[in-house]
Amino acid sequence: MRGIKIVCVGRVKEEFFKEGIGHYVKEIRKKYPMDILECPDEPTPDSCPESVERQIRDTEGERILNKIKDDEYVVALCIDGKHYSTQEWGDRINRIFLQVPSQVTFVIGGSLGLSEKVIRRANEKLSFSALTFPHQMMRLILCEQIARVV
């Protein structure tokens, strides 16, 4: 594996999230190169119709896809993705790191989730919970889970 990349929609504004993410990124970088790339999120009007939500997901999805190379192994974080126990997660991610010759890229969508194009591009879908978390928190959780197993 050449390294780890996280592509996510939106910025982290809260200092406590920034500090936590920075701590785990520092730990991960002791073993693997790692980058976090942010894509701007689209404003989402209150009570917008599904067609507008789909358009927002598609716009954000194009921004995500522009940051992913063809040879990258992509793991999309989705509520309907595969759930793992801590042990299973460690085994799975370490297998990916050993078997994949390219960069491993994790994708975190915005408040409306990921576009169908991004999901189709993913090599696999991962879920940490059936609950929905703010993208800033999900970024922190993902970094902690990666740091735990590297």
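The values are calculated or read from the model by the stated rules, or taken from the named source; none is laboratory data. This structure is a prediction, so every number in the text was calculated from the model and none was measured. Positions of Cβ are generated from backbone atoms using ideal geometry, with glycine treated the same way; all protein chains shown enter the neighbour counts. Each accessible area value is taken on the protein alone, full model and side chains, heavy atoms only, with ligands, DNA and RNA left out. Shrake-Rupley method; radii C 1.70, N 1.55, O 1.52, S 1.80 Å.
Taking each residue as 0.36 nm, the span from Lys117 to Lys69 lengthens on full extension beyond its C-alpha to C-alpha distance by 15.9 nm. Under the convention that each Lys and Arg Cβ holds +1 and each Asp and Glu Cβ holds -1, the size of the dipole of the stretch 90-150 around its Cα centre is about 140 debye. A straight line joining the Cα centroids of the stretch 99-137 and the stretch 77-92 runs 12 Å. Can you check what the net charge comes to around Leu37, using other residues whose Cβ is under 12 Å from the Cβ of Leu37 (Lys, Arg +1; Asp, Glu -1)? Charge balance in the 12 Å sphere: +3.
By definition, a body whose alpha carbon gyration tensor gives a ≥ b ≥ c is prolate when a/c is 1.5 or more and a/b is larger than b/c, and the chain fits this prolate description.
Ligands, DNA and RNA left out, the accessible area of the stretch 3-149 computed with a 1.4 Å probe is 50% carbon and sulfur. With a Förster radius of 35 Å applied to the C-beta separation of Leu98 and Arg54, the computed FRET efficiency comes to 0.40. Neighbours of Glu27, meaning other residues whose beta-carbon lies under 11 angstrom from its beta-carbon, give a summed charge of +4 when Lys and Arg score +1 and Asp and Glu score -1.
Our helix-only sum for the chain, with -39,500 (n - 2.57) per DSSP H run of n ≥ 4 divided by its residues, gives a mean residue ellipticity at 222 nm of -13500 deg cm²/dmol. Straightening the chain between Met1 and Glu19 buys 3.8 nm, computed as 0.36 nm per residue apart minus the Cα-Cα spacing.
Using a cut-off of 24 Å between Cα atoms, the listed pairs Lys18/Lys69; Lys30/Lys125; Lys5/Lys125 include Lys18/Lys69; Lys30/Lys125 as exceeding that distance.
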